[in-house]
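The values are calculated or read from the model by the stated rules, or taken from the named source; none is laboratory data. The structure displayed is predicted, hence computed values, not measured ones. As a convention, Cβ positions derive from the backbone with ideal geometry for all residues, glycine included, and neighbour counts pool all protein chains shown. The area values use the complete protein model at the heavy-atom level, side chains included, leaving out ligands, DNA and RNA. Shrake-Rupley method; radii C 1.70, N 1.55, O 1.52, S 1.80 Å.
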Amino acid sequence: MNKEMNKLLLHMVQYDLVSGLFISLVIGIISTFMNAGSYLAGISVATINFFVSGYVMSKYLGKGKKQLLIIVSNFLRMGFIIITMLPFVKNINLMIFYITGFITHYIIMLIVFSLKNRKGSV
């Protein structure tokens, strides 16, 4: 991977870990630690998914027959998401916290990188 992609992935993982731990601590104080753990699991799975996606894309994009690995990795990543969600299926409350954590990763990504890459007005 090139240095710019490594830097992007590393910053995103750092932002996710810090914000995920902080938000799950707040959830643990307000609610239960099971809900906080479910939220933290969701944001962790989203971060791992993002990291693997970035790695595979930068490594195999435009490499001819190796592009098949991108398709295979997409199905493996979806399977990983479904498998990690299975323990929360029986409790809708835990499922909501898991999905909220998963979505929070993308919200953090949009906010942080839009603020970070903001150019001055033209």
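Taken as a whole, the stretch 48-57 holds at least one residue that is open to solvent by less than 80 Å² (accessible area, probe 1.4 Å) and at pLDDT 90 or above. When you look at Leu17, is it without any contact (Cβ under 8 Å) to a residue 24 or more places away in the chain and open to solvent by 90 Å² or more (accessible area, probe 1.4 Å), yes or no? Answer is no for this residue.
Is it the case, given these coordinates, that Ser58 is free of Cβ contacts under 8 Å to residues at least 60 places away in the same chain, of a type in the set (Gly, Ala, Ser) and assigned to a helix (DSSP H, G or I)? For Ser58, the condition - free of Cβ contacts under 8 Å to residues at least 60 places away in the same chain, of a type in the set (Gly, Ala, Ser) and assigned to a helix (DSSP H, G or I) - is met.
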